[in-house]
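Have a look at the structure below, then the notes.
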Amino acid sequence: MANFHLPPQGFGPGSQGTGEELDFMPLPSGMRTYSAHVPEVEPGAVPRAALDLIEAIAGACDLTAVDGQPRSVDVGFLAPDARALLAETLGQGEVAMKLRGVPAVAVQESVFAGVWVLAGEGVDRIEIAPCPALAVSRAHVPHRPALGADAFRGAQVVNAPALLVELEDRSRGWHPGAEVHVINLSLLPHTEEDLLWLAEATGEGAVTVLSRGYGNCRVTATALAHVWRVQFYNSMDTLILDTYEVTEMPEVVIAATEDLTDSADRIREVLEAIR
């Protein structure tokens, strides 16, 4: 019988050995998802001011979903009991921001996408918007200046200067409605010194964002207009995607129109439950 009629070796049941367990790579876990939370309040003790404010926030979500314009609601006048109810109703969502400047402002998205809580010296309000307007206007105010090509260039800096030229060109040419331009560092050859040099060359702006979803995403404004560093980490805090984006605000931070509409519906559901 010719050899090619014989069954191939190393295939079939029992050919791969027994008694050994497969070692799979750990998969991401712990994704944050929305779950309705109804504050516990005593019957007849619900502060009217808090209910009116929550209703106003729901209405603002509807309007902003239509025209995209940010709207804000001052909460500094609320009494402590109304303030506590509002805070418990809104909760904490997956996006937080640190805005440097005067005054420094901390931003926390609520569990309702597109509803942002802003706090700082003289700042005490809730903003309903795809993204807080202050985060856009302050983003590229230099916290650490962009040194550009003047950044110290060591012997191991190889590909970063060409990337800087591309980023500077896209930064100068950006205009409203321009398509997002992405440089994916994870797919490009580079040295560790390349990344350090590029960070020095582009500087650091006034806005840092942390988005906690399926893993974490860290978004940092550079001192170059419309240029952002966007880094994705898995649930084990391992960097899995490292990019620069040239845009007004990276999409991972922005609440979509559908999010705002959905937030309005969810807020009203909670409001009905606590009335």
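The heavy atoms of residue 66 offer some 130 square angstrom of accessible surface to a 1.4 angstrom probe. Rounded to the nearest 10 square angstrom, residue 89 shows an accessible area of 10 square angstrom against a 1.4 Å probe. When 260, 196 are compared by accessible area of protein heavy atoms, the largest-first order is 196, 260, using a 1.4 Å probe. The GluC sites (Glu not before Pro) found in the stretch 156-196 that occupy coil by DSSP, while having at most 15 further C-beta atoms within 10 Å, are 179.
With every protein chain in place and a 1.4 angstrom probe, the accessible-area ranking of 233, 244, largest first, reads 233, 244. DSSP assigns beta bridges within the stretch 179-275; of those with both partners inside it, close to 100 percent run antiparallel. Rolling a 1.4 Å probe across all protein chains gives residue 51 an accessible area of roughly 10 Å². In terms of its alpha-carbon gyration tensor, the stretch 158-200 comes out prolate; a/c meets the 1.5 threshold, and the first ratio a/b outweighs b/c. Note on exposure: 124, 67, 81, 150 ranked by accessible area (1.4 Å probe, complete protein assembly) read 150, 81, 67, 124, with the most exposed listed first.
The values are calculated or read from the model by the stated rules, or taken from the named source; none is laboratory data. In this text, all values refer to a predicted model and were calculated from it rather than measured experimentally. In this analysis, Cβ positions are derived from the backbone assuming ideal geometry, glycine residues included, and neighbour counts consider all displayed protein chains. Ligands, DNA and RNA are stripped out before the accessible areas are found, and what is left, the full protein with its side chains, is counted by its heavy atoms. Shrake-Rupley method; radii C 1.70, N 1.55, O 1.52, S 1.80 Å.
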